[in-house]
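Trainee: Have a look at the structure that comes next, please.
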Amino acid sequence: MSSTDAAQTGLTIEALTKAIDAVVATIVDHASELTDLDMAIGDGDHGLNMKRGFEAVRGAAAKIAAQTPADALKTIGTTLIMTVGGASGPLYGSLFLAMSKAVADRPIDLVVAAEMLEAGIQAVQSRGKSHAGEKTMLETLIPVGAALTAAGPAADPAALTAALKAAAAAGAASTVPLRASKGRASFLGERSIGHMDPGARSSELMVGAVCDAFFAPAP
Amino acid sequence: MSSTDAAQTGLTIEALTKAIDAVVATIVDHASELTDLDMAIGDGDHGLNMKRGFEAVRGAAAKIAAQTPADALKTIGTTLIMTVGGASGPLYGSLFLAMSKAVADRPIDLVVAAEMLEAGIQAVQSRGKSHAGEKTMLETLIPVGAALTAAGPAADPAALTAALKAAAAAGAASTVPLRASKGRASFLGERSIGHMDPGARSSELMVGAVCDAFFAPAP
Amino acid sequence: MKKFMNDAEQFLSESLAGFVAVHADVVALGEGGLYVSRAAPNKAKVALISGGGSGHEPLHAGFVGTGMLDAACPGQVFTSPTPDQMLAAANAVGGAPGVLFIVKNYSGDCMNFEMAAELYEGKIATVLVNDDVAVEDSTWTTGRRGVAGTMIVEKIVGAAAEAGKSLDELKALGDRVVAATRSMGVALTSCTVPAAGKPTFTLGEDEMEMGVGIHGEPGRRRVKLTSAKTIAGEMVEAIVADIAKSGVTGGPIILLVNGFGGTPAGELYLMAEMARTDLAARGFTLARMIVGNYITSLDMAGCSITITAVDDALLALWDAPVKTAGLVWG
Amino acid sequence: MKKFMNDAEQFLSESLAGFVAVHADVVALGEGGLYVSRAAPNKAKVALISGGGSGHEPLHAGFVGTGMLDAACPGQVFTSPTPDQMLAAANAVGGAPGVLFIVKNYSGDCMNFEMAAELYEGKIATVLVNDDVAVEDSTWTTGRRGVAGTMIVEKIVGAAAEAGKSLDELKALGDRVVAATRSMGVALTSCTVPAAGKPTFTLGEDEMEMGVGIHGEPGRRRVKLTSAKTIAGEMVEAIVADIAKSGVTGGPIILLVNGFGGTPAGELYLMAEMARTDLAARGFTLARMIVGNYITSLDMAGCSITITAVDDALLALWDAPVKTAGLVWG
Ligand SMILES: Nc1ncnc2c1ncn2[C@@H]1O[C@H](COP(=O)(O)OP(=O)(O)O)[C@@H](O)[C@H]1O
Ligand SMILES: Nc1ncnc2c1ncn2[C@@H]1O[C@H](COP(=O)(O)OP(=O)(O)O)[C@@H](O)[C@H]1O
Ligand SMILES: [Mg+2]
Ligand SMILES: [Mg+2]
Ligand SMILES: [Mg+2]
Ligand SMILES: [Mg+2]
């Protein structure tokens, strides 16, 4: 879909399916990078967890294709919760479940999408008892949510993509100098400083893949 | 003592004590060589076993100094049996016990010494249920016993030393191409070929040290 | 990586299949392999359910059985299990007296068990284990990690559950045992996660990681390998200093010297001897001692020392009969 | 070398001190540390005494207790004990019904136990264990090595001794269990003897030693590391081919999958699953299965598979109660 389509007809299940494929592809491609990041300040399973989870989402593709976007997001959330495990499973799961709930039977345009993402981020915070500045996936998600909200109903696809990707990249990069106070990395104290948070990086990857799938001009 | 002394007054406890010191020194010096040989075709403890045993013999020096040579040999045998462990403990222990028994209250001249060694070798064979050609310490001990017997009552010390050392060295070297059929190395089958037997080497070391202690001109 | 395995994807399920086959008299594999329960569940008592990432065997499935857990949910290696596992286990073994979750304090474990608790429709409570003194408990952290003390909590609370205590009593007992328990670990080598295929961290030939976590998480500091007496002394010192803050400075304790998987019994008993004499010299009474591989970290060489301050009532629960794959007595 | 130790000379005595302190309810250290005996000896029955080099813990001292051994003599690491140890043990625990030595078939062990038997003044007999099929039994060898099957012999004969059987009956029973038992081991890494300070042998990153002995002795061949299924298959094949020569081609067996000290439980259960399914497909009935570190080789990574062909009488003895540091049930 283009942002114009979205504004007119709302997000279609076809577009969502395409986005899922893109996310799965990028997570699988970057699994070992995520695992390496998690080895440095965690337990080295983030790439494996995400890969297992998103491959399971891909496995549910047939089911998803027959659903509404809201139900599809619920399926994604539930699938992640049941397959990812670790900290990221409940968090990303909660993100998608809350996004699904926030649809409330409306067509999904950019304004609704922004509301959904904000609801998702809220769910991550309450599940994780966490907030900005603790060196987690929220470092990426919060600025991306803000950028989407700021973009408004009629943003230009290319500009929006650039803005969201920039927010995501800056967010992930911002975790490097932070000292973790949530998640496994927090046990490291000072030694968590100087490394990128794996969850912040996986969020960046997902944001990029979704933007490309939604907004890139059809080939 | 010189061989002439031995022929006249018999082996003294002083000479025996000196020989013990020499054997302890050479075993301690060569412990890691013996262990390496045992690592190749055994379990890598022969040097440690011998070192522990002969250090215990040295620890009994005061007791030995107050004994007759026959009793001293018995003390050595018992000490080895109680401290060496493994296969070499009972074997060397039996060697010394049998040598002690063979003295039979006689002064120890070269003829008696030869009888004693033959008795000791016999004891090793019955304790080990073994014979020449099985890649064991017997490869060294048997030719050394034969050389001592052949030397007769009035052998020249230097020539005897040379003959015994040569027999010992040739005996130990002869184990290299043999395939073991006794002891731990036998489990290796063909793979035991090409390595020197650690027990044959420790026997060679002991023979050399004893010869030097008994027959080398006083400094 | 040198491991007995076919492929990393199947590691857990094949290992679990062997485990339940070997211990079929004690445990059974739940539907879909989501959990391991007692071979003969008893819904008339409070059901104790634990779980966590795999790779710590015998914890937790090895502690399912009479006198200890009712079910355990094995996650992927070093990854917490998912809520559907705990929910299925709770539905299978939980009855009217309720369900008690015993959870090691890691964000992932906490959140997944929490989601399961929210979804479960019966009475439910949770005990959080956080015994690792290697990690300071400060505003910067999510609290201390849960490590080997978990076994002691599961054993003592398990005995009380078997004796018919109520959910509230068991929750209070669990919290009390946690408060009385402290651990610290040291690694001589890294572990290797099957799916990762390479060691989680690297130590020099003469280095050890003091204060390591049970997933190979870095500890307090990386130091030169030293004598067993010095290592045990430093661990005991850290434990004793920490528990002193809660007013315990001596008296009867349970001592657990736990192997991480790659360290042989001879070394563990030697460490136990060092810890025991050190603790005795500090005025503790070694009421009970236990040594072995109970909470492991795959093939990591290393060990942890745990103490729990006890009274006669806790000791009686510790001594009560237990029949599981990993712990049997009485 | 990375080990928890103070110095190599003290390794054994410090480790043993920890062992007897931790298991004081079951065992006691004999005079001069020469042997470990039951805490409460019973001279009215035949006394079972075993022993061998240390480094195989829990074997043998961990199998001293009701229903199994009466005493165990620990030698230096990987070095057989000396005759004075067995003599002291026999004098301490042996009574009128006699003493039975259980000895693993190594020249050193045989000779040292033999000397002790010659010196002992009471009734005495010896059972030699030689279960390792990795070494062919030919005119070239001193017979097969004794390995993990020793635990099965000690358990079954121990139960019969506890039941009051005579020395002759126990000797015959022991010989019968030995004849029905076969083992084979595989190493993924070497072990390191504390006093040696370096690995006994070296394996490449992708190599394993098939048919390894419990002291790190070389096996049948050095081969590329392969899947657990293939490894277990080769071991089972060798065991089954060998026991077939004595007419056993199926029927009920006890299966023991034994870890060598450096391999975690998860991998051992996976190997058990491979061995179990393979043996079942070949017509064997898995009457009993046991998995764990029972006969180790210090810190060696690897495992062995053992089977013992059994009938109902042997199974009843296997199932009889046992209370030792290393094995508890019933
Ligand atoms: N309380 C929390 N709030 C937000 N994000 C968190 C929290 N705890 C962990 N995370 C995120 O989860 C990521 C780790 O996920 P993962 O490695 O899959 O789980 P685990 O830490 O259990 O192994 C971290 O990099 C961080 O971004
Ligand atoms: N049956 C035997 N007869 C003679 N010598 C033997 C016999 N068995 C072993 N040996 C000798 O013992 C040596 C090994 O001694 P050692 O390493 O101390 O004991 P172990 O083999 O028990 O570890 C071998 O090198 C060999 O010379
Ligand atoms: Mg992680
Ligand atoms: Mg040897
Ligand atoms: Mg994890
Ligand atoms: Mg030896």
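The values are calculated or read from the model by the stated rules, or taken from the named source; none is laboratory data. Just so it is clear, the model here is predicted, and its values are computed rather than measured. So basically every Cβ, Gly included, is an ideal-geometry build from the backbone, and we count neighbours across all protein chains shown. Calculation scope for accessible area: heavy atoms of the full protein, side chains included, ligands and nucleic acids excluded. Shrake-Rupley method; radii C 1.70, N 1.55, O 1.52, S 1.80 Å.
Trainee: Can you tell me which residue among B:Pro177, B:Pro157, B:Pro153 is modelled with pLDDT under 95, open to solvent by 20 Å² or more (accessible area, probe 1.4 Å), more than 16 Å from ligand 3 (Cβ to nearest atom) and more than 19 Å from B:Gly208 (Cα to Cα)?
Mentor: Testing whether each residue is modelled with pLDDT under 95, open to solvent by 20 Å² or more (accessible area, probe 1.4 Å), more than 16 Å from ligand 3 (Cβ to nearest atom) and more than 19 Å from B:Gly208 (Cα to Cα) leaves just B:Pro153.
Results for (1) surrounded by fewer than 21 Cβ atoms within 10 Å (Cβ to Cβ); (2) touching a Phe, Trp or Tyr at 6+ places or on another chain (Cβ under 6 Å); (3) more than 12 Å from every other protein chain (Cβ to nearest Cβ); (4) at pLDDT 95 or above, shown as yes or no for each residue.
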| site | (1), (2), (3), (4) |
| --- | --- |
| C:Ala8 | yes, no, no, no |
| C:Ala44 | yes, no, yes, yes |
| C:Leu59 | no, no, no, yes |
| C:Met68 | no, no, yes, yes |
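Trainee: Taking region A:123-138 as the search range and keeping residues that are within 18 Å of A:Ser202 (Cα to Cα) and of a type in the set (S, T, N, Q), which one is farthest from ligand 6 (Cβ to nearest atom)?
Mentor: That would be A:Gln125.
Trainee: Given the residues B:Gly77, B:Gly89, which is the only one that is within 16 Å of ligand 6 (Cβ to nearest atom) and either over 22 Å from D:Cys73 (Cβ atoms) or not polar (S, T, N, Q) (or both)?
Mentor: B:Gly89
Trainee: Tell me which residues, restricted to region C:17-42, are within 20 Å of the chain's Cα centre (by Cα), within 24 Å of C:Ala117 (Cβ to Cβ) and open to solvent by less than 40 Å² (accessible area, probe 1.4 Å).
Mentor: Those that are within 20 Å of the chain's Cα centre (by Cα), within 24 Å of C:Ala117 (Cβ to Cβ) and open to solvent by less than 40 Å² (accessible area, probe 1.4 Å): C:Val27, C:Tyr35, C:Val36, C:Ser37, C:Arg38.
Trainee: Any idea how many residues of region C:168-193 are more than 16 Å from C:Gly213 (Cβ to Cβ) and open to solvent by 10 Å² or more (accessible area, probe 1.4 Å)?
Mentor: 10
Trainee: Here's a follow-up. If only one of B:Gly86, B:Gly93 is in contact with a Ser or Thr (Cβ under 8 Å, 6 or more places away or on another chain), within 16 Å of ligand 4 (Cβ to nearest atom), at pLDDT below 95 and within 14 Å of chain D (Cβ to nearest Cβ), which one is it?
Mentor: Just one listed residue meets the conditions, B:Gly86.
Trainee: Scan region B:186-219 residue by residue and report those that are open to solvent by 20 Å² or more (accessible area, probe 1.4 Å) and in contact with a Phe, Trp or Tyr (Cβ under 8 Å, 6 or more places away or on another chain).
Mentor: Correct list: empty.
Trainee: Now for a different question. Checking D:Gly55 against (1) within 14 Å of chain C (Cβ to nearest Cβ); (2) within 28 Å of C:Gly330 (Cβ to Cβ); (3) not charged (D, E, K, R): exactly one of these is not met. Which one?
Mentor: All conditions are met except number (2).
Trainee: Just one of B:Gly59, B:Gly85 is surrounded by fewer than 24 Cβ atoms within 10 Å (Cβ to Cβ), under 20 Å from D:Pro81 (Cβ atoms) and more than 16 Å from ligand 3 (Cβ to nearest atom); which is it?
Mentor: Within the list B:Gly59, B:Gly85, the selection yields B:Gly59.
Trainee: Within region C:77-90, is even one residue more than 17 Å from the chain's Cα centre (by Cα), more than 7 Å from every other protein chain (Cβ to nearest Cβ), surrounded by 24 or more Cβ atoms within 10 Å (Cβ to Cβ) and of a type outside the set (A, V, I, L, M, F, W, C)?
Mentor: yes
Trainee: Sticking with this one: Taking the residues in region D:95-106 that are buried (at least 24 other Cβ atoms within 10 Å of the Cβ) and over 11 Å from D:Gly51 (Cα atoms) as candidates, determine which candidate is nearest to ligand 2 (Cβ to nearest atom).
Mentor: Residue satisfying both the conditions and the ranking: D:Tyr106.
Trainee: Can you name the residue in region D:200-219 that is farther than 18 Å from B:Arg184 by Cα and in a strand (DSSP E or B) and is also most open to solvent (accessible area, probe 1.4 Å) among such residues?
Mentor: D:Glu207
Trainee: Also, quick follow-up: Let me confirm something: among A:Leu148, A:Leu160, A:Leu164, A:Leu141, which residue is out of contact with any strand residue (DSSP E or B) (no Cβ under 8 Å at 6 or more places or on another chain), more than 16 Å from ligand 5 (Cβ to nearest atom), closer than 30 Å to C:Phe113 by Cα and of a type outside the set (Val, Ile, Thr)?
Mentor: Selected residue: A:Leu141, the only one of A:Leu148, A:Leu160, A:Leu164, A:Leu141 that is out of contact with any strand residue (DSSP E or B) (no Cβ under 8 Å at 6 or more places or on another chain), more than 16 Å from ligand 5 (Cβ to nearest atom), closer than 30 Å to C:Phe113 by Cα and of a type outside the set (Val, Ile, Thr).
Trainee: Can you confirm whether D:Thr263 is over 16 Å from C:His23 (Cα atoms), more than 14 Å from chain C (Cβ to nearest Cβ) and in contact (Cβ under 8 Å) with a residue 24 or more places away in the chain?
Mentor: In short, no.
Trainee: How many residues does region C:269-308 contain that are within 17 Å of the chain's Cα centre (by Cα), more than 16 Å from C:Pro58 (Cα to Cα) and more than 10 Å from chain D (Cβ to nearest Cβ)?
Mentor: The total comes to 4.
Trainee: Sticking with this one: Among the residues that make up region A:47-57, is at least one of them part of a helix (DSSP H, G or I) and touching a residue at least 60 places away in the same chain (Cβ under 8 Å)?
Mentor: Checking region A:47-57: at least one residue is part of a helix (DSSP H, G or I) and touching a residue at least 60 places away in the same chain (Cβ under 8 Å).
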